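Structure first, then comments.
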Amino acid sequence: MKKLILPILALLFLTFYSCSDDDAIVDGIILDRGSVTFTLDGESKNFTLLNSFTIDDTDTTVLLAFGDSDAETLGIVFDLPTSFPSELGDEAIGTYSVDELSYGAISGLVGSIELNISSYENDVMSGTFSMTGIKTSEDIAGRDSVIVTNGIFTNIPTSGL
């Protein structure tokens, strides 16, 4: 069952996050999609175009989706805290995908993830994160894991444009 959880989560993440660079422009106005910086296996990353978050119909589950293209994305799913700032510790699920490779983390089961939400006001979220993701793409050559450190997301708006 563990082998099925991460591929299903990665598929759900990509389904909810199928965006293009055009999504950041409405009526000729470039939208502020916040910023996300992190270090991936020692390499600095900065996403500014396609960052968003979505809350499910029950207003309890959040999907944070980060990226500048659909070729490289990072996502985190968690239950919305009731107060902020909030340390979620390892109560989240994370995915990182680049090209055809995908990695996932479910603390206590596979890899590890830490998430802290520093603020959530006016449909804008900010916080910090880190993750060790384990490869879920079984038939594709690539490293077995990725380490995400120093993750900071700032002013990430809801996905409703």
inquiry  = Conditions first: (1) among the aliphatic types (A, V, I, L, M); (2) surrounded by 18 or more Cβ atoms within 10 Å (Cβ to Cβ); (3) within 18 Å of G34 (Cβ to Cβ). I93 passes all but one, so which condition is the exception?
reply    = (3)
task = Check S107, S130 and return the single one that is closer than 13 Å to T95 by Cα, among the small types (G, A, S) and at pLDDT 95 or above.
result = S130
query = Given the stretch 75-114, what strands (runs of 3 or more DSSP E) lie entirely inside it while holding 2 or more residues that are under 19 Å from G151 (Cα atoms) and under 15 Å from the mean Cα position of the chain (by Cα)?
reply = 92-98, 101-106
message = Of the conditions (1) farther than 26 Å from D32 by Cα; (2) crowded, with 17+ Cβ neighbours inside 10 Å; (3) of a type in the set (D, E, K, R), E100 satisfies every one except a single condition; which number is it?
response = (2)
request  = Only residues that are over 17 Å from T61 (Cα atoms) and surrounded by fewer than 20 Cβ atoms within 10 Å (Cβ to Cβ): list them for the stretch 71-84, please.
outcome  = A71, E72
key: Which numbered condition S137 misses (of (1) under 13 Å from the mean Cα position of the chain (by Cα); (2) at pLDDT below 95)   = (1)
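The values are calculated or read from the model by the stated rules, or taken from the named source; none is laboratory data. Computed from a predicted structure; not experimentally measured. Reconstructed Cβ throughout: ideal geometry from the backbone, glycine too, with neighbour counts over all protein chains shown.
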